[in-house]
Structures are given as C-alpha cells and as structure tokens.
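This report concerns only the one structure given below.
Just so it is clear, none of the values below were taken in a lab; they were calculated from the coordinates. Every value quoted in this text rests on a predicted model; they were computed, and no experiment measured them. Cβ placement follows ideal geometry from the backbone for every residue including glycine, while neighbour counts extend to all protein chains displayed.
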C-alpha cells in the first residue's frame, strides 16, 4: 500500500499537557526530507480550526522555534473540546480535499480519538485516500491499550511533588488536609500522589479513587482514625469519586459535547469534604482543602524528562507509520518492555476504535482496599516521573529534659 | 560587649516555605568551630517546643543530612502559630536557663518577630544574658525594613510559573479564569503572577491586590472588557482583597492567636467570584477558578536558587551577629545594592520592634490603577525568582483559505 503524496495536517484536542507540543514537534520532525509530505500544516483549535479553515504553516517555523515550543506547556496549536457531527465530518473532509491533506494527526485523549475515528470512518466510506493517526495525550492516563499516556508522567510528577511538599507542610503545622486531584473517570493521577512518599508516616495517608465507591461515613471514620494515630492526616481524593449508586458527591451543571461534566475549576468538592470533617469531627480542628486544579496539567517548568522524550517519540512514530504504508490509520500505543532501572518502551499501532470513547480505569491490582494504593503501583509509576527531588528529615536526636516539662 | 558562652537554640515559626531550612542550616553552619557555642539545639514546633522542652540536638546531624534537609521544603523543626503570653515567656526563659541557652534564633515572619521581641524584652528586663535574633522568612514578602524576604522568591517563582502555564492553558481552551493567590495583607505574591509574562496579550490580564479597594462591579466590568477584546481573560486575585470599607469579600470564622483570619485552605473566594461572573456575564461562559493554596509555599522541587542562597546567608549572618558582640538582639534585613544583571545584596541588622507585628504592603509604585501591576515591579521581582522557563508560541504563518470558510 503506497503512501499518498500531499500535505499533512496536525490538530491538538482536549485538555492540554506539559508535553503535548513535544508530540507536535515530533510529527513535524519526522516529515522532514520526506517527498511524500509537501507541507505540514497545523489546525488552530483542532477540529474547530479544520471546519473554519484556520490552518497555519508549520513548515515555515525554524528548528529553534520548534524546539522552544516543544518545551512550552499547553497546546501551541490551541485546543478544543468538540465532537463533530456527521455534517461537520463531511465539511472537514471537504477542507482536507481543498488543501490536499493526505496525512492527518490528531493529538488527544479518548474523546479526540473518537473524533479521529469518526473522521476516518467517513474518509474510508468516501474512499478518500488519507493516512489518519491518533497520537495519545492525556494527563488522566485513561486510554486503553497503551501502557501509559504521554502527558501523564509530567502531571503525575506535579501531583507527587505537590503532595510531598504538602505532606511536609502538614507535618510542620499539623491538621487534616484534603487535596482534590484531577481524573474524571480514572484514579491514575490521584494514585500518583503517593509516589514521592519516603518515610513510613508520610502522607498521603488515605487515597480515594473513582474506581471504588466513596462513602462519606467511611471517609470520616478513616480520617478520624489516622488523625488520632498520627496527630495529622493528608488525604488525596479524586475529583471523580462517587457513591455506590454512581452519583457524584456534588452535582455539576456544565456538560461538554462529549457528555463530560465539569469537575475542575471549582473548589466545591474539597470545601464540601472539609466542612463535613469539621461538622463531624469538631469545628476546632484545623481542616484545610486544596484543589490542584489546572496547575497540574500545564505548570511551566515542571515536567518529566521521560514523559517529554516519549511524547516526542509518539509523534515521530505516528508520522513514520503514516509514511510506512503498512496501515492507513490507527492510534500509537506504548508498550513497556523493561522494569525498574531497565525501564524501556517500544511503540505499536492499535486500531482507532480500540482507543476511542471508552476509558481505562486504574488497574484493580494497584488499589489497596477502599482507601489506599498498592506497593506495586510504585513499580508502575516511578519510572514515568523522572528523578524526584530528595526530601530529608532531621534525625531528631532528643535532648534530655531538665525541667520535666510535658 | 563580649559574647556569652553556652548553647544555641533555633526555632521555626509561622507558615513554612521552600527555603526555610536553608536558614536553619545556615545558622548551624556558622556556629561550627566556635567555642562560644557548646551545642546547637532545635525546638520542635517553635515556641511550643520551647515551652514543652521538646529540644533536639542539631550538632549531631551529619553535614550530608543537613545539606539534604536544606533542600527540603517546610520546617524541618516543624512550626507553630502561637503568640506566647507573659507567663509563657517566663516559662520559656526558665527553659533557656535550664539548658543554658545563650543564643536564640527564631526563623519566621512578622508574628514570629513579635514572639521574639516579647521574649527578648523579658530577657533584657530580667538581665538574662541572651543573644536573640529573628531570621526573616515569609512567602508574603510583607516584613518591614528588608528589601525582600527569604521564601518570597521561591513562592513568587511558583506563582509566576503556575500563572504562565495557566495562561497557556487558557489560550488553548479559552474562557475566563480566576486564580486566587496567597497574601493576607499584602499583594507581593499576587503581583508576582505577572513575572513570567512574555507576549503582549499574555495573562494575567487583571491583577487585584489587597492594597486597592475591591469592587465586585468594577471587577465584572473589567473582566467583561478584557474578554470582549481577547476572547479570554486570566485574572489574579489576592486572597486578601476587601471592599472599600475594609470588609473581606467572604467571612471567615477561624482566627489564630495573632488575630489572623483563615483565608487559605478553601476554594470559596474563587468559586464565589466565578459564580458572580457567570451570573452577570452569562451562564454559558466557560468560567473556572483555581486557588493556588498551600502548593505555593512548599511545592517539592520548585524553588529559586537566588532565594535559597539568600535564605542560607541570613541564617549565617544571624549566628555571626550573635557571636560578633556588637548587638545582643535584632532581625536580619536584606539590602539590595545592585539592579538587573548586577543584582546583589548585603545584610544588615535592624531592631526587633521594627519588624515585629506590623506588615509592609506592596509598594504603591508597583501598583497600576485598580487592576494592574506597574512595569517597575519586573525590575524589583525578576532577580529574586532565578531563571524562568522559556515559553514560546508558534509564529502562526497563515495558510490561505480555499473554501472561504469563516
């Protein structure tokens, strides 16, 4: 199956990450010197930019600009949350034809893979010769097939470092601290909050993921138990937790076109949990809540080197696959082929439908009981975060009392 | 005035920072090889540890442990928020006598300086030979006399990087974004949110500090104007903003023993502002709020090298002053002696009463109108943050439309 000759187009979609531009630059890079690719364009705001014909020429960017953009968080092409209708898919294909787009790359998560899949189905039905690849990206780490998702390692690093610092803050000024972490459907990012733990009694002491039913009564009892034992308690709660009947703890009015409710961008869940703890355990307790919010996905300067390198490579692989001629479409997946110090990955292609729409929950084996993360998760997660900061306590050599104060 | 001979004691107090342990280690370091200092102790949880005789021996810590602790955020000795009563000051002095403490160092902000001042007044009145120094520390940057406070540069770096990343996120997925930043009385940290701006239309587009009266009507009108002009709007709001009659926007029930109301650890202010914006500008607008919360003071791995070095040095200077014999007590202040590339500082001693209790607001010259930060603030702030991440946009070379889509 010979590769077509024409222009390439790249779009970025969904929530941005710290390394999503690495994938963009990887695609551009891998097209260099390839006669099949005449120009590499970018669609501004993803599928929305396609429909509006808002295209920019990435081939005219200098290598220096591209390298600097690769290190810059958030979608350089700008992003969108939009599921195209059938009519819009037809319009998009008309734009492809008008600009002789023969290679299309959509960098995004499961919703973006769904958009890519819809476009691809139409292109196939219409016999429009198109190479179409979904390039995985999501801090949620909830794509199927792939071992992990570009973007996750950097966000996980943020969450691990934020929680480790917060644990030390809480040790300095003890109390109960609730941290709300992103992840609508899956607890991957919330689980990452344990990854910089060093000492036995370090927080987070309790971790609640959406894969387990959340009970307010059990939550209050758990916190009470830890607080009584340690004099402090740091808790990680996924924004996506819900009760046994599947209801979220708080209702959200906003829903996007993929049917996702707004969870981030509000401190309501954290404040609610803090208020419940005070009401039930005592108004005088020092209870605080933070919602990590958008900081965890685009913080400038905090990223995982491993994640950045892999995000670049999935972009390169996507372009190489598009040009290779073996498959006309698919999604790039990462396979882990070595563990620990020998951590290594290789790249595969899976069908678009395997990644579109549905998400992958945090593996059951990584969840310990109703409120914890299993030790095996460290083996999974740590290689993805890069070298973490060194954190050390004093030895606390006690000085004998002279006054017998207590 | 000859220096006494005896033991040294160090306490850490108030909100922790990413570099507060640099000061701790600086004090220990400067005591090495000095015959006047027999042992260096630490008080666990500041004045509370003194009163309970919870002392630890810092002289037995290895240099390697101390260096690792210096790089670890939050108070290694653990902290406290407590203003001692007259009786408690007498008890503290009794503990000093029992342990032959002749050098006392209290690392903290204005409230901690007040505690140090109270202890010192009593020691002087009782003619107890004591060298007592306050070592400045606060992310709020609101101490008087000193040009800036150790801890501020690192927290300001966090706020600048968080806001720069969030601005890019907001550019990817446009909407209105409100970020709540720490600073009970002073806008220094909120002002720092502008420091990583690069392009003309980068956010934050509006900045509200507690030094200016906050009007909800003006706020809504400001946001509406920016949103209409740019299609997006990023806003920095200090947690300490209040109306013209001095009332906070939201009431807080919790007050500490220094009389400070709880502002952090809740997303209420951000959520309130987001709700007001939606109610007045349109329920369909994408409005989000994040509260940077505790992450901005103890995030593991994000600190300013300049800040870390200065925090170390104020500790060393405090011990040297205590041993130098010129002054029996005081607070270390930083004076700036060079600007821009020639940024440099020297250290001075000021009287405890000059730093105790009262705070220093953001300089009037750094505030532009009711909702902005003046360009001169970049000259003040940038040297304190260390090298910031490089952020770059694509050039956006437009591709000519073929279908005339709009």
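Taking label points 7 Å from Cα along the Cα-to-Cβ direction, residue A:213 and residue A:83 give a separation of 2.8 nm. Which residue fluctuates the most in chain A, going by a Gaussian network model with Cα springs under 10 Å, if the choices are A:112, A:370, A:62? Evaluated over chain A, the most mobile residue of the options is A:62. Over all projection directions, the Cα-based convex hull of the protein assembly as shown averages an area of 34.0 nm². The relative contact order of the range A:131-285, computed from alpha carbon pairs under 8 Å that lie at least 6 residues apart in sequence, is 22 percent. Label sites at residue B:201 and residue B:398, each approximated as a point 7 angstrom past Cα along Cα to Cβ, lie 1.2 nm apart.
Across the range A:52-168, the relative contact order, built from alpha-carbon pairs under 8 Å that are at least six residues apart, equals 18 percent.
Between residue B:283 and residue B:341, the C-beta separation translates, for a Förster distance of 56 Å, into a calculated FRET efficiency of about 0.65. Taking 0.36 nm per residue of separation and subtracting the current Cα-Cα distance, fully stretching the chain between residue B:245 and residue B:228 would add 3.1 nm. Taking every DSSP beta bridge that has both ends in the protein assembly as shown, the antiparallel portion is near 30%. Chain A's nearest residue to the axis relating it to B, judged by Cβ and reported with the distance in whole Å, is A:267, 1. Hey, in the GNM for chain B with a 10 angstrom Cα cutoff, which one of B:318, B:213, B:229 fluctuates hardest? Maximum fluctuation in the GNM of chain B, among the listed residues, is at B:229.
Taking Cα atoms only, the orientation of helix B:86-98 departs from the longest principal axis of chain B by about 50 degrees. Take the Cβ atoms of residue B:305 and residue A:370, set R0 to 41 Å, and the FRET efficiency comes out at 0.45. Take every DSSP beta bridge whose two residues both sit in the range A:169-321; close to 10 percent of them are antiparallel. Across the alpha-carbon set of the range A:112-210, the Rg to Rh ratio works out to 1.21, Rh being the Kirkwood radius. Between helix A:305-324 and chain A there is an angle of about 20 degrees, using the helix long axis and the longest principal axis of the Cα atoms.
Beta bridges per DSSP, both residues in chain B: antiparallel share near 30 percent. Label points for residue A:221 are taken 7 Å from Cα along Cα→Cβ. From this copy to the others they lie 5.6 nm apart, shortest first. Computed from Cα positions, the angle between helix B:216-230 and the longest principal axis of chain B comes to roughly 60 degrees. For chain B, with equal point scatterers placed on the C-alpha atoms only and solvent neglected, what are the log10 I(q)/I(0) values from the Debye formula at q = 0.06, 0.08, 0.10 1/Å, to two decimals? Each listed q corresponds, in turn, to -0.27, -0.46, -0.68.
Annotation for the range A:98-141 versus the range A:182-205: alpha-carbon center distance of 33 Å. With only Cα atoms counted, the range B:224-380 has Rg and Dmax values of 20.8, 67 Å.
Per-residue ellipticity at 222 nm computed for chain B from its helices equals -11000 deg cm²/dmol, with DSSP H segments shorter than 4 residues left out and the rest contributing -39,500 (n - 2.57). Computed over chain B, relative contact order equals 22 percent, with contacts defined as Cα pairs under 8 Å that lie 6+ residues apart.
Here the range B:267-295 is scanned for amide nitrogen atoms under 17 Å from the site 7 Å beyond the Cα of residue B:221 along Cα-to-Cβ, giving B:277, B:280-281.
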